1. What spacing in nm lies between the two simple spin-label points modelled at residue 154 and residue 55, each 7 Å away from Cα in the Cβ direction?
2. For residue 71, what charge total do you get from the other residues with a beta carbon under 11 Å from its beta carbon, if Lys and Arg give +1 and Asp and Glu give -1?
3. Sum up the charges of everything whose Cβ sits under 14 Å from the Cβ of residue 60, counting Lys and Arg as +1 and Asp and Glu as -1, but leave residue 60 out.
4. Per-residue counts of other Cβ atoms within 10 Å, averaged by peptide: what ranking do you get for 47-55, 77-85, 155-163, highest first?
5. Return the lysines within reach of residue 78: Cα separation strictly under 19 angstrom, same-chain partners fewer than 8 residues apart disregarded; answer none if there are no such residues.
6. If we count every other residue with Cβ under 14 angstrom of residue 133's Cβ, Lys/Arg +1 and Asp/Glu -1, where does the sum land?
Amino acid sequence: MSCSFFSFCDVIIPVRAKDPFDELLHRYRGLLFTLCSRYKHRGLEVNDLIQETTIALWRNRERLLTLGSVQQAALAWKMSRNAVINALRRIEDMDELPEAYDEQAEDRSLIQELHEEINRMEEPDRTILNMQLEGYSYEEIGQALEMTEKNVSVRLVRAKEKLRKTMTI
């Protein structure tokens with residue numbers, strides 16, 4: 001049996017003259033590439049995702065080959081999308097946090113770092129930030145520091161910007 005090859009994105013899929021599954025892959029190669037390109041993710045490249053989708057289609061080839069072209073395209077898209085999502089889930093499962101991870105301790109550490117950075121700031125920015133964290137309104141902060149609400153607002157925005165630059169969150 002003669003066999004020719006086509007390639008997209010370095011993925012080689014054989015196209016045999018009379019093999020219906022190979023013709024199906026050839027027909028939907030653009031669809032597969034578009035889908036896999038859209039979902040490219042950490043640790044998985046387009047080629048890996050195309051391989052996952054091809055395997056899923058192969059497993060369901062008998063069902064796919066009995067459908068009309070519109071239904072076939074819809075089912076091929078659905079099966080391929082599910083295969084990609086499953087592949088991404090497998091990768092994400094490997095990236096889970098260790099069991100010893102303490103989220104509350106991490107939060108306390110970040111809050112402590114935030115307060116340390118605020119305490120390093122100059123007045124009145126330090127007071128404005130602390131008062132806002134305690135829930136005071138712009139009006140209340142302005143009254144306490146003898147400033148207008150607009151001035152409090154501007155200073156608060158600038159102080160937060162300084163924090164963003166210094167914090168490693």
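1. 6.1 nm
2. Working: positive: 63, 78; negative: none.
Residues near residue 71 contribute +2 overall.
3. Working: positive: 59, 61, 63, 78, 81; negative: 52, 62.
Taking every Cβ under 14 Å from that of residue 60, the sum is +3.
4. Values: 47-55: 19.3, 77-85: 17.4, 155-163: 14.8.
The densest-packed peptide leads the list: 47-55, 77-85, 155-163.
5. 40
6. Numbers: positive: 126, 160; negative: 113, 116, 117, 125, 134, 140.
So the surrounding residues net to -4.
Each reported figure results from applying straightforward, stated rules to the coordinates on display, with no laboratory input. What you see is a predicted model, and the numbers here were worked out from it, not measured in a lab. Cβ sites come from the backbone with ideal geometry, for glycine too, and all protein chains shown count toward neighbours.
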